[in-house]
Each structure stands twice: as structure tokens, then as C-alpha cells.
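The values are calculated or read from the model by the stated rules, or taken from the named source; none is laboratory data. From a predicted model like this one, the values you see are computed outputs, not experimental measurements. Neighbour counts are summed over all protein chains in view; Cβ atoms, including those assigned to glycine, are modelled from backbone coordinates with ideal geometry. For the accessible areas, the whole protein counts, side chains as well, though only heavy atoms, and no ligand, DNA or RNA atoms are used. Shrake-Rupley method; radii C 1.70, N 1.55, O 1.52, S 1.80 Å.
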Amino acid sequence: MEPSDLIWMNGDFVAWEDAKVHVLTHGLHYGTGVFEGIRAYDTELGTAVFRHQDHLDRLFKSAELYYMPIPYSLEELRSATHELIGRNGLTSCYIRPIAYRGYGQMGLFPLEAPVDVAIAVWSWGAYLGEEGKRTGIRAKVSSWRRISPASLIPQSKASGQYLNSVLAKIESQKAGYEEAILLDDHGNVCEGSGENIFVVRDDQIVTPPQSASILDGINRKSVIQIARDLGHEVVERNVARAELYLADEIFLTGTAAEMCPVREIDDHAIGEGRPGPVTREIQATFEDALNGRAERYRDWLDVVKVPSKTA
Ligand SMILES: Cc1ncc(COP(=O)(O)O)c(C=O)c1O
């Protein structure tokens, strides 16, 4: 992570090194926060935030699911993000808005604790590496199951829920793999520790449905649309673990990782052991969409209007 100059905290722009919270912040103890991961790209139209409205919508929905009223409007957070990118002089960046129960009340009943909001932006390269995006990564099916809807809310992007992803990620990296694939509580394939998953077999693209405890990924939605626009059949249905090993191609989607092919799972080569033609085709269009080169998907870009520091 490369520090930038300023962070937005509860309506103020503060220096990166001064963006601090009290040690008795509720969210720090109990995970009572919700957040988003968003990216802005340096496009021909200028710096543009990919599917900004959709990400902020999800932030508000995640918060609602945990009874957390965000004390700003979506539009206020959107324009604060634009201004923050401009004031930091960034042309492309990762964007991390977070709303969390702040300082003032301890114990498990949080509704009297304030809801604080912060937005940070910084330069961040491809999460699974540029090489991974090009040649594919090696993944391992985790011994940890994705959080069950019987205990938590998989559709909410809530801070505390990420302990599940952290355990899976540590396990996979210690075992020498780049990413973990989690099964849901019924043993069906769910998703990566921070990405949705797609399986290509016999000219059909399959991805686990909402009922498989996935996070409803914004890049998942985008890739489903792109794949269909390119004439591919995309089916949302339960995926058995063995279908991973039998797949012709597999890829992951997520804001941090973008679209990343998987070349091996549990030491089984996927297809030829390198990114296949369907993955390549969709990836090329997806990258065009992110970078403003695809006319058809220009609506997905929220062009940052504030002049940057270097402009
Ligand atoms: C657990 C999990 N699943 C899936 C995703 C992919 O979601 P998106 O495409 O909206 O970034 C993410 C990343 O936000 C994630 O953390």
C-alpha cells in the first residue's frame, strides 16, 4: 500500500498519518463495520470510478443489514470521493470507504454507538499480481467453509465477516498457493477469499448462485453481462467441488483482483494449465470496460470531475 496525502473522515480531509481512531472504537472490538473496495482508472475520459453508484448502493445495504444508519447521503460520499481523488492528485487508485460503529459505547448492543465514516484512496496494483492476471494463479480449496447464512449475512460486506476470508487466505498462502476457494456450508463451491468464481466447461460458463452464500460481486455482475453480450451462455447454479478439477477454464472476479485466470486447483491443472480462450476473450473486453475503451460499457464509469493536483 502506498500512502497518499489525505483521508476523508466524517466530513473532513485529514492528513494520512492523522487518520486515527480511539482504541475503544466499537468496530475494532466487535467487527461492527461495513466497507467497500472500489477502483478508479486512468481512462481516455479522465479518471473514472468503476460502477461507483453500485458500490455505494452495496455499502448502504450492507450497513442496513447490520442496523447501521450511515449519516451521509450516497451523493455526499460520491462527491467526497471525487474530491479526495483530486486532492490527492491520483489518476488511478483503489478506494476504501468504511462505515463503522465508533467510540462511545462498549458491549454487544451497538445502537447507541456513533456511526463514523471514512474514505481512503491509494495506489494499489493488481491484488493477485500482474503475472497472475496474465498466466493464471494456483488455488487451493480451503478447509474453512464460507460463513453460513445461518450465522451471519454473506451478502453484507461487513468487517467482522472477513475473519473467515483471513483464515482461508493464510491457510492457502502457508500451503504455497496464491488464493483459497471456499465451499459453502453445504459443500458446494462458493467463492475465493475476496473474489467470485466462474467455471467454463463444454462452452458453458457456470457460477455459484446467490443461495450459495456468495457476496454479490459487482465485477461478477459485469462479467456475466459481458460474457452474455459476447454470445456465451452463463448459468447460475450450484457447482460441485469436482467440477473445479474437470473444468476447461476457471477465473475469478473482484475489485482488488480484477479478472484473474486460475491455472491450477489442488494441484490439478485446469484445462491446459494456462488461461483458455473464453477467459481471454472476456478478460480483454472487461479490461476495455474498466479502462473506458468499450463504448458499450461507458455507463459503468463515473468520471471524476474535480481537477487533480497535477492538472
Ligand atoms: C468475499 C468477497 N467475495 C467477492 C468479492 C468480489 O466483489 P466485487 O466484484 O464487488 O469486488 C469480494 C470483493 O469485494 C469479496 O470480498
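A few remarks follow.
- Residue match in segment 236-250 (condition: more than 10 Å from the ligand (Cβ to nearest atom), in a strand (DSSP E or B) and more than 28 Å from L301 (Cα to Cα)): yes
- Near pairs, Cβ below 6 angstrom, 6+ apart or cross-chain, from segment 207-232 (part of a helix (DSSP H, G or I)) to any residue that is among the polar types (S, T, N, Q) and within 11 Å of the ligand (Cβ to nearest atom): N219/T253; R220/N196; R220/T253; V223/T253
- Residues of segment 75-101 classified as part of a helix (DSSP H, G or I) and either open to solvent by less than 30 Å² (accessible area, probe 1.4 Å) or within 21 Å of A256 (Cβ to Cβ) (or both), total: 8
- When we screen V200, V234 for residues that are open to solvent by less than 10 Å² (accessible area, probe 1.4 Å), in contact with a strand residue (DSSP E or B) (Cβ under 6 Å, 6 or more places away or on another chain) and not small (G, A, S), the only hit is V200.
- Residues that are small (G, A, S) and within 12 Å of the ligand (Cβ to nearest atom) were ranked within segment 150-168; the one that is most open to solvent (accessible area, probe 1.4 Å) is S159.
- Of the strands (runs of 3 or more DSSP E) that lie entirely inside segment 1-43, those containing 1 or more residues that are touching a residue at least 24 places away in the same chain (Cβ under 8 Å), of a type in the set (D, E, K, R) and surrounded by 19 or more Cβ atoms within 10 Å (Cβ to Cβ) span 38-43.
- Those residues of segment 51-64 which are touching a residue at least 24 places away in the same chain (Cβ under 8 Å) and either within 15 Å of the ligand (Cβ to nearest atom) or assigned to a loop (DSSP other than H, G, I, E, B) (or both), in sequence order: R51, H52, Q53, D54, H55, L56, R58, L59, K61, S62
- Every pair of residues 6+ apart whose Cβ atoms lie under 7 Å, when the first sits in segment 148-174 and is without any contact (Cβ under 8 Å) to a residue 24 or more places away in the chain while the second is assigned to a helix (DSSP H, G or I) and within 10 Å of the ligand (Cβ to nearest atom): L152/Q161
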